[in-house]
Amino acid sequence: MTIFLVRRFTFFVLSILATSGLIFLLVRLLGGSPASVLLGEFSTPEDVLALEKQLGLHQPLIVQYVEWMTVLIRGDFGVSFYSGIELRMLLKSALPVSISLSVGALLVGLAIGVPFGIASALRSFQGKGSLVDFISQIGIALPVFWSGAVLSIIFGVSLGWFPTGGWVPWSDAPATTLRHLVLPSVTLGIGIGSVLARFVRTAIVEVMRQDFVRTGRAFGMSVQQSLLVVGLRNAALPVVTVLGNIVSHLVGGTVLTETLFSMPGLSRMILGAVVGRDIFVVQNLVMLLIVYVLVVNLIVDISYYILDKRLRI
Amino acid sequence: MIRKYRQTRVIGFLAAGLAALASIGVYGPVQAAEDLSKSSMTFSIFQDPGRLDIVTQPATSLILWLPGNVYEPLVSFDNADKPSAAVAKSWSTSPDGKVWTFKIDTAKKFSDGTSIKASDVVYSLNQFQNGPILAYKGPFANVSSIKATKRNEVTVTLTAKSRSFFRGMGTMAGLVMPASSEGKRNSVAIGSGPYKVAEYIPGSHIQFLYNNEYTGKKPRITNVKVRFITDSPASLLALRAGEVDGLPITSTAIWSRIISEGYTKDFKRLLKPASGELHWLMFNQTQAPYNNPVFRTAIAQIIDRDAYVAGLGAPKGAMVPQCGWGIMTARTYKPASPETCVIDRDVNTALASLKAAGLDKLPIEFVGLTDVPALRLAADIMTQQLRNAGLTINRRDIPLAQYSSTIFNARPPQYGMSLMGGGGTLTDFVCKDPTKYGYQTYCSSAYTKLIQQADRATTDEAYLKALTSANELLQKDAVVVPLLARTGLGLYHKKLTGWRPPTIRVEVAFANYYWTK
C-alpha cells in the first residue's frame, strides 16, 4: 500500500509540474505578450512595456515560472486585471457555490443512476427491455438550459417550492441554501444520473454473467441475493471510474447551470475571465482545475486499490 | 406478481424522490413573502459591474446603484437644474466667476462613522479630475486648483468662467468619498448617502442597508438587494416567482417576451425607468475609412431605422427611430420625426458615393459587446442591414469590462465602428489634446472652441447659440449616426412605487420607493 501511495503521489506531483509548465508556456507563447493581450491590439508600445514591467514579464521565463508557482503554493492567486479584486477573495465566495452544486448534482445523479441502473440490469438479466433505458436516453439528451427552465417554471414559479435562482451562503441560512441548491442540483443531476444508470446497468449485467455469480446461483442464490452479495461490489469498479470522470467534468457542466440559476460559482467566474481575456486569472483558475482533476483521479486510483483486491497481490 | 412487485418498487423510488424534494420545499414559501415587507425590496439587473470603484468603472450596471444611494454629490441639482445643499451646505463665487468657495457640512458623516472634511472633498474631486474616465473629467476642464482652505471649506480656482464646472458638481464628477477609501474601492463603497453597501458578492448581488449616519430623511425602505441575473429570461421568472420586486431596466432582448407573456399586465410597466438613452454608431476617426465623412454619411443613409426599432421588439413608445444628427442634450436636441428627418435613407445613393470614393470594398471592422444583450441584438440587426446592402462587416464582440477599460478609459479606440448606448453629451467630444483621445475621437479644434465658448457664455442666448453651432458641426461631419432614442422599460411589483427621474446620471434612487397597500 505504501509503495503504491508513494508511486501514485510522485506521479501526481510530476503531473502538476508538467501541466503547470505547459499552461505557463502556452499563455506566453500564444498570441504574443500577455500584456498586449490584456491591453488590446491597439495599445501603445509604451503601455505594453509599462504593464510588462508591472507584471514582471520582463524577467526570464524560468524566474517568472518559479515566482508564479511560489505564489500559487502560498495560495496567492493574484488580482483580476479588470475587476482589480483579489482572486483569492473571489474564490472564497465562488468555490463553496460550485462545490455545493457539484456535490448536490452528484448526489442527485447517484440517487437516480444507481437504483435505476440496478432496476434496468435486473430486467435486462431477465431478457426484457426496460422503460428505465428509454427514460435514461431522454435524460442524457435533455439540454440543461431547457430542463432548468422547465424545473424553474414548475417548482419555482407555479408551485413556489424552490427559488428560481440566486444563492445564500451556508453560513447565513443553511436551510435556505439547501432550497437554493435543489433546482440547480436536480437540473445538473438528471444528466449525470442518466449516464450513470447506463453504466451501472452495463456493469451489473457484465458481472452477473461471470462464473462466480453463476456458481452462486447454482448453489441456490436468487438473482437478488447474488446481486447483493457479489454483484454490486464487483460492478462498483467500473462505476467508480466513470464517477471519477463525471466529477472531473462537472465543473465544465456547471457553467450553464450557474448562469441559468444566477449562482456566483467558479464556472461563471472562469467563463467571465475567458471572455474578458483576463489571462492571468484564466491561467491560475485552469491550474486550480487541473489540481482538482488530478486530486479526483488520485482518489479514484486509491479507491480502486481498496476495492479491487487483485491490485494488492 | 413479481412484475407488480417491481413496478411498485419503481413507483416507490419515484415517490420517495418526490417526497424528499417536497420535504425541503414545503419548509416554507420562497423569499417572496419576506421581500414584500414594508422595509425591504429586491431588484435585479442583468449585469454585474465587476467592481465598485465609481472613479474607474463607468458601467451603467454600477452607476445605477451607487450614486444617489451610497454617495452624495457636492451640490444637488433638481430636474430644473436648481441647486440645493448636499455635501456642501453653501457656496459662493467670485465676481469674475473664476473662484468657487464651498462650505462643507461637517455635521455629515460617511457610513464608516467619520465626519466629512474638506480634505475628503479635495481628494474626491482630484480623483475624478485625474481619473481615467473622460466624461468625468469634463467639468474640470478649466479648473486650475482645488484646495482645502479651512477644515470645512474648499476653494476651486478656474482659469475661465465655466458653467459646466458648477453643474458638474451635481453629477458623477462631484460625488464625495473619504480619502481613506483609496485602494479599497473595488470591493468597498463608502459615502454619505442614505444607504451603505453591506455586502458585494461578485456574480451574485449587492446588499444595501440604511446608513445610520445619514443626516437626511430616513427612507421607508431600508433594506435593498440588487441581484445580478445574467440570464434575462431567468430574471422574468424571478419576478414572476416573487423573488425580485422590480427590474428597473430590462434588456431589449426580452421585450418581446415581456409583452407576449403578459408581464406588462401583471406588473407595473414603467417607461423611462432610469436611463433614457440613444443608440448610435461611433466611428474611429483616426482610421480610414471611418475618418471620412463620405463613408459615415453613406452608412447613415443605408440603415433602416424603422426596421431596426421593429427588430428590437420594443413596446409602443419605448423606442423612437432617430434620423436627426447630433447628440441628444437637454436644450439643443430636437426629436426627429419622419417629417423632419435629415438623413434620407437611400441605399443606392449611399453605395454609389462609397464606390466613387473607393470605399465600397473595404471591410468594416465592427466591435460589439458580448455581455450586453440589448446592444448585441441591436448589433445583430444593424450589421445584417449593412451586409444586406452588400458591405463586408468583420464583427468581433468583446465583453463590456474590456470595452470599458480599453475604450472609455482614455485609451486609443479599439474599433473601426461600434454601436453605443447611453446619454452622450456634447462635451464628450471635446478633444483638447489629440494625442490623448478616448472613445470619442472627434478631435476638431473648431468644435472644441465652440464648446468652450458655450461653457464661458455669460448669457443663455450665447450659451445656446454656441451649443447649436457645435451640434451643427457634428451633423456636418457626420460624427455620430443616431439610430434610436430609447426611453427604457422597467417592470415593478404593482404595489411598489416611487420611481423618480435621475438627477446625478442614471441612478435608481432607492429612497424614493415605498410599498403601497
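The values are calculated or read from the model by the stated rules, or taken from the named source; none is laboratory data. Not measured: the values here are computed from a predicted model. When we count neighbours, we look across all protein chains shown, and the Cβ atoms used for this are built from the backbone with ideal geometry, even at glycine.
If the requirement is being surrounded by 17 or more Cβ atoms within 10 Å (Cβ to Cβ) and without any contact (Cβ under 8 Å) to a residue 24 or more places away in the chain, which of these qualifies: B:Tyr210, B:Tyr290, B:Tyr263?
On inspection, the qualifying residue turns out to be B:Tyr210.
Can you name the residue in region B:449-476 that is among the polar types (S, T, N, Q) and at pLDDT below 85 and, of all such residues, is surrounded by the most Cβ atoms within 10 Å (Cβ to Cβ)?
Taking the candidates together, the pick is B:Asn471.
With the structure loaded, tell me whether A:Ser226 is away from chain B (no Cβ under 11 Å) and surrounded by 19 or more Cβ atoms within 10 Å (Cβ to Cβ) or whether it fails that test.
The answer is yes for A:Ser226.
Take B:Arg486 and decide whether it is among the basic types (Lys, Arg), in contact with a helix residue (DSSP H, G or I) (Cβ under 8 Å, 6 or more places away or on another chain) and surrounded by 19 or more Cβ atoms within 10 Å (Cβ to Cβ).
yes
Looking at region B:40-57, can you tell me whether even one residue there is aromatic (Phe, Trp, Tyr) and either within 14 Å of chain A (Cβ to nearest Cβ) or loosely packed, with under 15 Cβ neighbours inside 10 Å (or both)?
Yes: one or more hits.
Output the number of residues of region B:153-210 satisfying the condition of being of a type in the set (Val, Ile, Thr) and more than 20 Å from the chain's Cα centre (by Cα).
Total satisfying the criteria: 8.
Out of curiosity, is B:Asp81 in contact (Cβ under 8 Å) with a residue 12 or more places away in the chain, on the phi > 0 side of the Ramachandran plot and surrounded by fewer than 15 Cβ atoms within 10 Å (Cβ to Cβ)?
Yes: the conditions hold for B:Asp81.
Pick out the one residue from B:Phe140, B:Phe228, B:Phe128, B:Phe166 that is within 15 Å of B:Ala86 (Cα to Cα) and either surrounded by fewer than 21 Cβ atoms within 10 Å (Cβ to Cβ) or not hydroxyl-bearing (Ser, Thr, Tyr) (or both).
B:Phe166
Considering region B:323-369 alone, what residues qualify as being modelled with pLDDT under 90, surrounded by fewer than 16 Cβ atoms within 10 Å (Cβ to Cβ) and polar (S, T, N, Q)?
Scanning region B:323-369 gives B:Thr329, B:Ser337, B:Thr340.
Per-residue answers, yes or no, for (1) in a strand (DSSP E or B); (2) under 19 Å from B:Arg296 (Cβ atoms); (3) acidic (Asp, Glu):
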{"site": "B:Leu351", "(1), (2), (3)": "no, yes, no"}
{"site": "B:Val367", "(1), (2), (3)": "yes, yes, no"}
{"site": "B:Ala374", "(1), (2), (3)": "no, no, no"}
{"site": "B:Thr383", "(1), (2), (3)": "no, yes, no"}
{"site": "B:Leu386", "(1), (2), (3)": "no, yes, no"}
{"site": "B:Arg395", "(1), (2), (3)": "yes, yes, no"}
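Taking region B:387-408 on its own, how many of its residues are modelled with pLDDT under 85 and more than 11 Å from chain A (Cβ to nearest Cβ)?
Adding up the residues that qualify gives 1.
Would you call A:Val132 at the interface with another protein chain (Cβ under 10 Å from one of its Cβ atoms), at negative phi and in contact with a strand residue (DSSP E or B) (Cβ under 8 Å, 6 or more places away or on another chain)?
Taking the combined requirement at face value, the residue does not satisfy it.
For B:Asp231, indicate whether it is under 17 Å from B:Leu496 (Cα atoms) and at pLDDT below 95.
no
Give region B:432-448 a look and list any residue that's at pLDDT below 75 and over 22 Å from the mean Cα position of the chain (by Cα), or say none.
Within region B:432-448, B:Lys432, B:Asp433, B:Pro434, B:Thr435, B:Lys436 meet the criteria.
Using the structure shown, decide if A:Val66 is within 19 Å of A:Ile279 (Cα to Cα), among the hydrophobic types (A, V, I, L, M, F, W, C), assigned to a helix (DSSP H, G or I) and at pLDDT 80 or above.
Against the criterion (within 19 Å of A:Ile279 (Cα to Cα), among the hydrophobic types (A, V, I, L, M, F, W, C), assigned to a helix (DSSP H, G or I) and at pLDDT 80 or above), A:Val66 qualifies.
Suppose we filter region B:476-517 for residues that are outside any loop (DSSP other than H, G, I, E, B) and over 24 Å from the mean Cα position of the chain (by Cα); how many remain?
Matching residues across region B:476-517 total 2.
Which numbered condition in (1) in a helix (DSSP H, G or I); (2) within 12 Å of another protein chain (Cβ to nearest Cβ) is the only one that A:Ser83 fails?
(1)
Is one or more of the residues making up region B:244-259 touching a helix residue (DSSP H, G or I) at 6+ places or on another chain (Cβ under 7 Å), part of a strand (DSSP E or B), surrounded by 20 or more Cβ atoms within 10 Å (Cβ to Cβ) and within 14 Å of chain A (Cβ to nearest Cβ)?
yes
Do you know which residues across region A:252-266 are closer than 26 Å to A:Ala197 by Cα and either surrounded by 22 or more Cβ atoms within 10 Å (Cβ to Cβ) or within 11 Å of chain B (Cβ to nearest Cβ) (or both)?
Hits for region A:252-266 are A:Thr254, A:Leu256, A:Thr257, A:Glu258, A:Leu260, A:Phe261.
What residue, among those in region B:409-421 that are crowded, with 19+ Cβ neighbours inside 10 Å and among the small types (Gly, Ala, Ser), is modelled with the lowest pLDDT?
B:Gly421
How many residues does region A:49-103 contain that are at positive phi and under 27 Å from the mean Cα position of the chain (by Cα)?
Of the residues in region A:49-103, 2 are at positive phi and under 27 Å from the mean Cα position of the chain (by Cα).
If we scan region A:276-286, do we find a residue that is within 14 Å of chain B (Cβ to nearest Cβ), touching a Pro at 6+ places or on another chain (Cβ under 8 Å) and buried (at least 22 other Cβ atoms within 10 Å of the Cβ)?
yes
Which of the residues spanning region A:68-80 are hydrophobic (A, V, I, L, M, F, W, C), away from every other protein chain (no Cβ under 14 Å) and without any contact (Cβ under 8 Å) to a residue 12 or more places away in the chain?
A:Val71, A:Ile73
For region A:145-155, does any single residue satisfy the condition of being away from every other protein chain (no Cβ under 11 Å), surrounded by fewer than 15 Cβ atoms within 10 Å (Cβ to Cβ) and in contact (Cβ under 8 Å) with a residue 24 or more places away in the chain?
No, that holds for no residue.
Residue check: is A:Ser185 part of a helix (DSSP H, G or I), within 19 Å of B:Asp231 (Cβ to Cβ) and more than 10 Å from chain B (Cβ to nearest Cβ)?
So A:Ser185 passes the test.
Of all residues in region B:293-311 being buried (at least 21 other Cβ atoms within 10 Å of the Cβ) and hydrophobic (A, V, I, L, M, F, W, C), which is farthest from B:Val481 (Cα to Cα)?
B:Val309
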